[in-house]
Amino acid sequence: MADVPENAPGNCPGSNSSEAGKGSACQGCPNQSLCASGAGSAASDPAIERIKEKMMSVKHKILILSGKGGVGKSTFSAHLAHGLAEDETKQVALLDVDICGPSIPKMMGLEGEQVHQSGSGWSPVYVEDNLGVMSVGFLLSSPDDAVIWRGPKKNGMIKQFLRDVDWGDLDYLIVDTPPGTSDEHLSVVQYLSAAHIDGAVIITTPQEVSLQDVRKEINFCRKVKLPIIGVVENMSGFICPKCKNESQIFPPTTGGAEKMCHDLKVPLLGKVPLDPRIGKSCDNGTSFLSEVPDSPSATAYRNIIQRIQEHCDMLLRENYQKQ
Amino acid sequence: MHCVLFLSDQGNLSSVRHIVLVLSGKGGVGKSTISTELALALRHSGKRVGILDVDLCGPSIPRMLSAQDKDVHQCDSGWVPVFVDQEKSISLMSIGFLLEKPDDAVVWRGPKKNALIKQFINDVAWGDLDFLIVDTPPGTSDEHISTVDSLRPFQPLGAILVTTPQAVSVGDVRRELTFCKKTGLRVIGIIENMSGFVCPHCSECTNIFSSGGGEELARHAEVPFLGCVPLDPQLSQSLEQGRDFIQEFPKSAAYPAINHITQQLLQQAEQQNS
């Protein structure tokens, strides 16, 4: 089936087939209405082209992924954004596509903020002059509001976030995702397919129950041809603040992220130990990196952020050379 | 009323006495852990228990019960669930059993997930069960809407909401409470998981993920608070190896908490009976 786009959902009947847009796999696919109308593979969702234009002014796009929930995707995204924005010459934006459980507004200290509409689209909410944030949390009227949406509505929201937000010129766009390998993930990858994503950073915790979901996420990345920048092992050991002994709260019974990265041949970017002050910073909406700059966890974060920066710079140089 | 009886006579869930959903807006707070431990604890009080794992993109229960290598078989009335013990007192259905390779990613959009959930609810031959525990993925989206819709004719006992103590997690669980209200699902109560860690070296208790958030939320939302389960490396270790924590570590910190929650669940089920 040559007419199946490589980022199509599983069981895509192919955009030229008679079943195009009608199969069960087509429901919720952003291209469904086009396929059903018989437009064929030549015409994909016009939004993809619009998003590509919009993203011309964004140098680096990084996705934060994990198959497992609660491993620290949003915590890492928030601190990656803070860390990158410490360089005042860089413009950084953080987009939260976790539609049902948006944590970013709270972690960035922006709870209760609203999005403003301008002539060129929605304006992100700014933490610093060079750090903008967008999340579905800014569109809800109360913290009790639940977003009880099925896939297609979530996809529509993500499309709007990418197409209709006035991001301006950016050095980095960080996209924080919900757990899993479903609608939100397929949509982000599809909508950004023409715009080129630098790669994904995958977050895990050390125990096998988490790693087994993360292996699935790595397979997802390979399926949709999304490059992997590397893996971060979070909640890696806990040092008792009283006796300074280390405990493995989430024991790496199968060798942790280190062995998984070795087996699957993906880089391990680093390990971040558990520190109660990280969770506290997130609850208070402050940056752990500036609150407790000398802690082992902050050092681990900084090293990882530096490796990501180096990776992005390398990609940029390679692109220049190609041109 | 007549209609409900008619429907439940038809389905495979007709001889399941109590259906309990385990929900949380937040991922990684211990939904699957609580589901597994509740099932084990109910088994130890002599109940027949089934677990339905509707987390399609990240099924964890098979490993937690050391059943990851087993297969699902077919019979006349549908799929035969996997029995995790010799006595056949815990049966389990999960997408984990349907994958060719354990690392296969299930890259499905909503409608496909919904179709499989309907099958899981209608076509599994559970047989005679005291409790069916339904473990869900995080969020308030396709899986949850489909599960609650398909289970409605069978009048579930209600939902147990799991949170960790920190504000970021409690915020997501507040949204889940709204989901329950909107879909007419009764809330059995809230569990605060990962509540404090007792250092095995010096016995100092550290609140790694803060403390008290779940209890406060329960008070605020006027729903029962079922209890706090502390962080316990023995518990994570048992789950990693798929061992029976309830049987092996009755002296550990998490044991009394799980037991207490189970007793409250049994009481509520008793009230539904009478």
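The values are calculated or read from the model by the stated rules, or taken from the named source; none is laboratory data. This structure is a prediction, so every number in the text was calculated from the model and none was measured. Cβ sites come from the backbone with ideal geometry, for glycine too, and all protein chains shown count toward neighbours. The accessibility values were calculated without ligands, DNA or RNA, using every heavy atom of the protein model including side chains. Shrake-Rupley method; radii C 1.70, N 1.55, O 1.52, S 1.80 Å.
Selection over region B:188-224 of residues that are of a type in the set (A, V, I, L, M, F, W, C) and either over 22 Å from A:Glu246 (Cβ atoms) or more than 13 Å from every other protein chain (Cβ to nearest Cβ) (or both) gives a count of 7.
Let's see how each residue does on (1) open to solvent by less than 40 Å² (accessible area, probe 1.4 Å); (2) within 12 Å of the chain's Cα centre (by Cα); (3) within 21 Å of A:Lys225 (Cβ to Cβ); (4) of a type in the set (A, V, I, L, M, F, W, C):
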| site | (1), (2), (3), (4) |
| --- | --- |
| A:Gly151 | yes, no, no, no |
| A:Val165 | yes, no, no, yes |
| A:Asp171 | yes, no, no, no |
| A:Ser193 | no, no, yes, no |
| A:Asp198 | yes, yes, yes, no |
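For region A:228-265, a tally of residues being over 23 Å from B:Ser195 (Cβ atoms), aliphatic (A, V, I, L, M) and within 13 Å of another protein chain (Cβ to nearest Cβ) returns 2.
Identify the residue in region B:80-96 that is touching a strand residue (DSSP E or B) at 6+ places or on another chain (Cβ under 6 Å) and not in a loop (DSSP other than H, G, I, E, B) and, among all such residues, is surrounded by the fewest Cβ atoms within 10 Å (Cβ to Cβ).
Ranking the candidates gives B:Phe83 first.
No other residue among B:Val148, B:Val162 is within 20 Å of A:Thr75 (Cβ to Cβ) and more than 9 Å from chain A (Cβ to nearest Cβ) apart from B:Val162. When B:Lys118, B:Lys101 are checked against the criterion of being open to solvent by 20 Å² or more (accessible area, probe 1.4 Å) and not in a loop (DSSP other than H, G, I, E, B), B:Lys118 stands alone in meeting it. When B:Ala67, B:Ala39 are checked against the criterion of being surrounded by fewer than 24 Cβ atoms within 10 Å (Cβ to Cβ), hydrophobic (A, V, I, L, M, F, W, C) and touching a residue at least 40 places away in the same chain (Cβ under 8 Å), a single residue qualifies: B:Ala67. Kindly provide the set of residues from region B:82-97 that are touching a helix residue (DSSP H, G or I) at 6+ places or on another chain (Cβ under 9 Å) and either within 12 Å of another protein chain (Cβ to nearest Cβ) or modelled with pLDDT of 95 or more (or both), ordered by number. Correct list: B:Val82, B:Ile90, B:Leu92, B:Met93, B:Ser94, B:Ile95, B:Gly96, B:Phe97. Counting only strands (runs of 3 or more DSSP E) wholly contained in region A:35-147, the ones carrying 2 or more residues that are away from every other protein chain (no Cβ under 14 Å) and free of Cβ contacts under 8 Å to residues at least 40 places away in the same chain occupy A:116-118, A:125-128.
Matching residues to (1) touching a Pro at 6+ places or on another chain (Cβ under 8 Å); (2) at pLDDT 95 or above:
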residue	(1), (2)
A:Phe288	no, yes
A:Ala300	yes, yes
A:Cys312	no, yes
A:Asn319	no, no
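Scanning region B:195-222 for residues that are at pLDDT 95 or above and touching a Cys at 6+ places or on another chain (Cβ under 9 Å) gives B:Gly214, B:Glu215.
Does B:Leu38 satisfy being away from chain A (no Cβ under 13 Å), in contact with a strand residue (DSSP E or B) (Cβ under 7 Å, 6 or more places away or on another chain) and over 23 Å from B:Ala254 (Cβ atoms)? No. The residues on offer are A:Lys159, A:Lys225, and the sole one that is at positive phi, more than 12 Å from chain B (Cβ to nearest Cβ), out of contact with any Cys (no Cβ under 8 Å at 6 or more places or on another chain) and not hydrophobic (A, V, I, L, M, F, W, C) is A:Lys225. Here A:Asn284 meets the list (1) within 21 Å of the chain's Cα centre (by Cα); (2) modelled with pLDDT of 95 or more almost entirely, failing just condition (1).
In the condition set (1) under 30 Å from B:Phe154 (Cβ atoms); (2) surrounded by fewer than 19 Cβ atoms within 10 Å (Cβ to Cβ); (3) not hydroxyl-bearing (Ser, Thr, Tyr), B:Ile258 is compliant with all but (2). Please go through region A:231-247 and give me each residue that is out of contact with any Cys (no Cβ under 8 Å at 6 or more places or on another chain) and crowded, with 17+ Cβ neighbours inside 10 Å, ordered by number. Those that are out of contact with any Cys (no Cβ under 8 Å at 6 or more places or on another chain) and crowded, with 17+ Cβ neighbours inside 10 Å: A:Val232, A:Glu233, A:Asn234, A:Met235, A:Ser236, A:Gly237, A:Phe238, A:Ile239.
Taken together, the criteria place B:Arg219 among residues that are more than 30 Å from B:Asp123 (Cα to Cα), basic (Lys, Arg) and either in contact with an Asp or Glu (Cβ under 8 Å, 6 or more places away or on another chain) or part of a helix (DSSP H, G or I) (or both). Checking B:Val49, B:Val4 one by one, the residue that is modelled with pLDDT of 95 or more and on the phi < 0 side of the Ramachandran plot is B:Val49 and no other.
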